[in-house]
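Just below is one structure, and these are the notes that go with it.
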Amino acid sequence: MKRITAGIAVLLLLLLGCAQDNPFKADTVVEWEGGNEHPHIEVAGTESGGPGNFQFSDLDPERNGIQDAVILTFDKDIDPSTIAAASFEMIETDPGTGSVQFESISYYPEDRTAVLVGTFSDDTAYLLTVTAGSILDLPGNQLDPNHNALYDGAPWDDRLATFFTGSAVMRDITSPSINSNFPNTGNVGNLTPQPRVLFDNGPMNVSQLNLNNFTLVRTSDSSSVALQVVSATGSELVTVPVNDLSYGTRYTVRLSAQITDSAGNYLDTNNDGYVWPDEPDLVWDFQIIDDGTTHSTPPTLSQADLLPGNTSVRIEFEESLTGDDVVMDDATFIAANIQVTDDIGSIPIVFETGADPGAVNCLLQRIATGTVTLFISCNVADEYGNLFDGNNNGLGGTPGEDDWSGVL
Ligand SMILES: [Ca+2]
Ligand SMILES: [Ca+2]
Ligand SMILES: [Ca+2]
Ligand SMILES: [Ca+2]
């Protein structure tokens, strides 16, 4: 045991020069996503290589096998009685499948650090599972490895770490994520576009890349559209509609979050680095361009100006992506949808429409001073009821991304 304590002392000495990064001095002001209530393992490593190192090296040449230790540092004070054999599961993943018994398991409260000593084999990879719910901080909170500020149980709040000796290859414990998805704009000109997703950090479990987990519907009524799979590989899923899609129609694609890579890691669909039990499905829209009979292309902002005298803001709209003229629905020019603020606050507006059906004058009921900001809601519409496309991707009416604001 003296050997291990000495190892920590050496690590501490090495880290004195970079106190900011010192893993033994957890930063309690870190704002984890979803809150900071639960404890976390801040850093894992080995005794031989230090924090962030996952290769075991032989610290005791006198004994057979590779003597080293797993070092886990927590960000909160841990209940020492929970740092026990029952909390840790260590198995071989390459080449064998056996389990590993640690020779000693210790906790150093002053460093918030657990040290798991073992003897390991040549050219072998290991998977350590810190079992969900097993380790508690002093107030009794479970670890929250997926950072949602909730205790979710296994597998969501299992904390995994991999280690190896020699040339063994560690098990993939990284969640796959979304690289990109297409088509995703409002001017798709092909009636048989190929809805597809590209993945990172796979390879994916190809058997799950099927039409149960990937669907296409008409956005307006959620009626389903038949697809077939063009290709499903470790890094992409490509599909195509069985029949032609319709002009001027918006479609919604959905990929289930309940799919995994080939190692069994669930998909991180929103690419935030964590997987939650309620991880959202990946959902996105695209729209087929208009033909002569459909009128589905939304309006977007052409130009907005604060006129000389600071008593009027003129807003001109145009058709999204094409830049064609539009006729707006005057009834949507209301205070809830168009707002102007300045250094004093919100400015009352009287809306005035004139000869140009694609424009509106906002008559300010007091002179604007300082920084003048215009807000246009996605609920502004054209004559056909197409909602405003604030981010100009040809798809209107999505709260947040289609609301527009800017300084004039
Ligand atoms: Ca040895
Ligand atoms: Ca959790
Ligand atoms: Ca996620
Ligand atoms: Ca849009």
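A short reminder: the numbers here are calculations on the coordinates, not readings from a lab. Given the structure is predicted, the values throughout are model-derived calculations rather than measurements. Heads up, the Cβs are rebuilt from the backbone with ideal geometry, glycines too, and the neighbour counts pull from every protein chain shown.
Miscellaneous remarks
- Relative contact order (%) - criterion: Cα under 8 Å, at least six apart; region: region 357-408: 35 percent
- Figure legend: label point modelled 7 angstrom from the Cα of T322 along Cα→Cβ; residues of region 189-225 with amide N under 15 Å from it are 189-190.
- Translational D in µm²/s for region 282-321 (Stokes-Einstein at 4 °C, 1.567 mPa s, Kirkwood Rh from C-alpha pairs): 100 µm²/s
- About the Cα centre, charge dipole magnitude for the chain (Lys/Arg +1, Asp/Glu -1 at Cβ), debye: 560 debye
- When both region 250-318 and region 118-192 are represented by their alpha-carbon centers, they are found 28 Å apart.
- Packing order of peptides 192-200, 78-86, highest average first: 192-200, 78-86 (average count of other Cβ atoms within 10 Å over each peptide's residues).
- Debye intensity ratio I(q)/I(0), log10, region 206-346, q values 0.14, 0.21 Å⁻¹ (C-alpha model): -0.88, -1.25
- Region 299-407 gives an Rg/Rh value of 0.95, both radii derived from C-alpha positions and Rh following Kirkwood.
- For the chain, Kirkwood radius (reciprocal of mean inverse C-alpha pair distance, Å): 25.7 Å
- Counting only Cα atoms, the size of region 46-95 along its three principal axes is 34, 22, 21 Å, in decreasing order.
- Within the chain, helix-based [θ] at 222 nm, where runs of 4 or more DSSP H residues each add -39,500 (n - 2.57), nearest 500: -1000 deg cm²/dmol
- The antiparallel fraction among DSSP beta bridges confined to the chain stands at about 95%.
- Under the Debye formula (equal points on every Cα, no solvent term), log10 I(q)/I(0) of region 235-316 at q = 0.19, 0.21 Å⁻¹: -0.93, -1.01
- For region 299-407, the relative contact order is 27 percent, taking Cα pairs closer than 8 Å that sit 6 or more residues apart in sequence and dividing their mean separation by the residue count.
- Over region 177-287, the ratio between the Cα radius of gyration and 2.2 N^0.38 Å evaluates to 1.04.
- Working from Cα pairs under 8 Å separated by at least six residues, relative contact order for the chain is 10 percent.
- Across region 277-357, Cα-Cα pairs farther apart than 17 Å form 62% of the total.
- Gain on full stretching of the segment that runs from V240 to A149 - 0.36 nm per residue minus C-alpha separation: 28.8 nm
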